[in-house]
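The values are calculated or read from the model by the stated rules, or taken from the named source; none is laboratory data. Since the structure is predicted, the reported quantities are computational estimates derived from the model, not experimental observations. Neighbour counts run over all protein chains shown; Cβ positions are idealised from the backbone, glycine included. The protein model used for the area step is the full one, side chains on, heavy atoms only, and it has no ligands, DNA or RNA in it. Shrake-Rupley method; radii C 1.70, N 1.55, O 1.52, S 1.80 Å.
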Amino acid sequence: MGSQPIKPRLRITFIIIAAAGLILTLMPSFLNWQGVIGPEKVNNLMVAGTILWFGSAIFIFVKKDPD
Amino acid sequence: MKVSSVTRKLDKLYEFDREPVTKNKLQGIGNFLGIYAGEHVAGTEFVIGILFVAHGVSVTDLFIGGFIGNLLAVLSWAFITSPIAVKERLSLYWQLRKICGPALVFIYNIVNALMFCFLAGAMVAVSATAVGIPFNITMPALGDFYPNSIGWVVTVICVGAVITVIAIMGFESLARFAKIAAPWMFLIFVAAAVNSFPKLGIEPGLGNFWQVANDTIWTGIAMPGQSQFTIWHVIFFTWLANAAMHLGMSDLSIFRYAKKWYYGFASAVGMYLGHYIAWIASGVIYAAATSDSPGPVAYQAVGLAGAVCVVIAGWTTANPTLYRAGLALQVASPNWKRWKVTLLAGLITTTAAMFPALVMQLLDFVALYGLILIPMGGIIFADFYLFKRFKLESYYAEKHNIMFNSAAGLTWLLLLVISLIANRIIGIELFFLPIPSWIMAVVLYLGFSVVHQKYLNKNLSTG
């Protein structure tokens, strides 16, 4: 995982995706509370947020230890 | 097994921690904020918030008591643990070895390893409550002590086996994964609580939050079979949930890398995110759910993401704990390879996890864990702050090359016996014992050392 340093542009892309993942994890529950979306949609969006977060954060934060 | 053989093995295990941390290895406050934020949003938070509700904590007890308890914990780290760590820059193991001698530290290590196994066992059980959801496993209820179904036992064995295998393979990759999971887990806690608001009738804008919190969530009335908690229980439990780490001095190993003593305040991030907001969130989720087990409770709140969060929260806590238990146990079996020892720790952990009592009585276990290890923190405190004032020698075991400092050993043993009597015979609850025990450890170790050192010195001078 992350054995090579990622390029700056790719890193920014991953950061944006990761941030979107966290927003998708948190926001739907507030929208449900406000009555904007239903519980089913909340669950699906949170799964999507989870996938986006782990799929991108793993490349941003995981660095290989120096040998 | 000879004591010298054990000592050599123990020293080799901690070889790289032998010297004080050098200046070039010191770290900035950001690392400590990250460590505490990551470590204290864990699987246990799901259970503790639930148990507070079950024990009839009232809303003011939780909000005010939790705030005070966490503040006391942060102050303990900042004013007691980190100043000693920054001054000495030694790990707990080497500090204790210098004071207590290798034989006593060996015993401490084994006790610590068993505690680690039980803690990891609780986390395996937490994960199992989520893994069992798709298989319709009968989940343990609050009052369950023994395994309640074959399905539960099989699920625990499967989860325990996976976690043990990963721990055998080394946990570094998983530790990095845990750091990534931490912010996401915290948001899942918050999101699950907010998503439970409509079920509880909490209106947008939080206008009726306190009323609903009083009437439906933290009602102040304990559930059947659960003891009644007061604000004092909340304060003392919250303060001492990590007693082994602050007053017990385990976190000397962390803060020895701190540039300044006041980095101890970084613990506030972990305390107020994990042990305040996450516990409150977990109580809200539980009040809206129809189960007593963390997995189904989280699943009912936010679906698959909640269940996955419970699995990851349990798993990421259990794995390093099991790995550390393996390390600590290794000293008792000099000819065993690391994988065999970790396998043994995994077996103990998995067997313990089968008993739902470990999770359902987690508050008592956490208090007991602190109670058993906290006297050693008092001994270190006395050695560091008080010995010079009483003209006693610090690091006595190291200076006199003794294997077992009887003053420290007697202090620890006596306090365990006194705590046992206070709990079992007098009936004082576990949550209230660690602080008196720590204070008595300081006083007793000082007193025994006066007798010990003066007596020995007298013998040496006359002999």
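Key figures for this structure:
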{"read-out": "Distance between region B:32-78 and region A:1-51 - C-alpha centres, whole angstrom", "value": "27 Å"}
{"read-out": "Cα-based equivalent ellipsoid of region B:29-362: semi-axis lengths in Å, sorted from largest, via gyration tensor", "value": "32, 25, 17"}
{"read-out": "Protection proxy ranking, peptides B:252-260, B:411-419, average beta carbon neighbours within 10 Å, highest first", "value": "B:252-260, B:411-419"}
{"read-out": "Carbon and sulfur %, accessible surface of region B:29-362 computed with the full protein complex present, 1.4 Å", "value": "69 percent"}
{"read-out": "Net +/- balance of residues flanking B:L273 in space, Cβ distance below 12 Å, scoring K and R +1, D and E -1", "value": "-2"}
{"read-out": "J(HN,Hα) series, region B:116-133, from Karplus relation 6.51 cos²θ - 1.76 cosθ + 1.60, nearest Hz, glycine and proline x", "value": "4, 4, 5, 5, 4, x, 4, 6, 4, 5, 4, 4, 4, 5, 8, 4, x, 4"}
{"read-out": "Accessible area in square angstrom per residue, the protein assembly as shown, 1.4 angstrom probe", "value": "43 Å²"}
{"read-out": "Environment charge of B:Y396, counting only residues whose C-beta is closer than 10 Å and scoring Lys/Arg +1, Asp/Glu -1", "value": "-1"}
{"read-out": "Alpha-carbon centroid distance for the pair region B:260-322 / region B:353-418, whole angstrom", "value": "29 Å"}
{"read-out": "Interface size A-B, as summed buried accessible area [1.4 Å probe, Å², nearest 100]", "value": "2000 Å²"}
{"read-out": "Per-residue average of Cβ from other chains inside 10 Å of B:187-197", "value": "6"}
{"read-out": "For A:46-56, mean number of other protein chain Cβ atoms within 10 Å", "value": "4"}
{"read-out": "Over the protein assembly as shown - Rg/Rh using Cα atoms and the Kirkwood inverse-distance radius", "value": "0.98"}
{"read-out": "Under the Debye formula (equal points on every Cα, no solvent term), log10 I(q)/I(0) of region B:367-437 at q = 0.16, 0.18, 0.25 Å⁻¹", "value": "-0.63, -0.74, -1.09"}
{"read-out": "Listed residues B:S253, B:F118, B:F189: farthest to the positive end of the dipole of the protein assembly as shown (Cβ charges)", "value": "B:S253"}
{"read-out": "Only Lys, Arg (+1) and Asp, Glu (-1) charged, at Cβ; region B:11-96 dipole about Cα centre in debye", "value": "300 debye"}
{"read-out": "Shielding score for B:202-211, defined as the mean number of other chain Cβ atoms within 10 Å", "value": "1"}
{"read-out": "Members of region B:303-327 that become less accessible by 20 Å² or more once partner protein chains are added (1.4 angstrom probe, chain alone as reference)", "value": "B:L304, B:A305"}
{"read-out": "19 Å Cα-Cα threshold exceeded, pairs from B:K260/B:K391; B:K23/B:K260; B:K25/B:K259; B:K23/B:K179; B:K87/B:K260", "value": "B:K260/B:K391; B:K23/B:K179"}
{"read-out": "Prolate/oblate/rounded label for region A:8-60 (Cα gyration tensor, a/c 1.5)", "value": "prolate"}
{"read-out": "Segments B:119-125, B:102-108, A:11-17 sorted - mean Cβ within 10 Å per residue, highest first", "value": "B:119-125, B:102-108, A:11-17"}
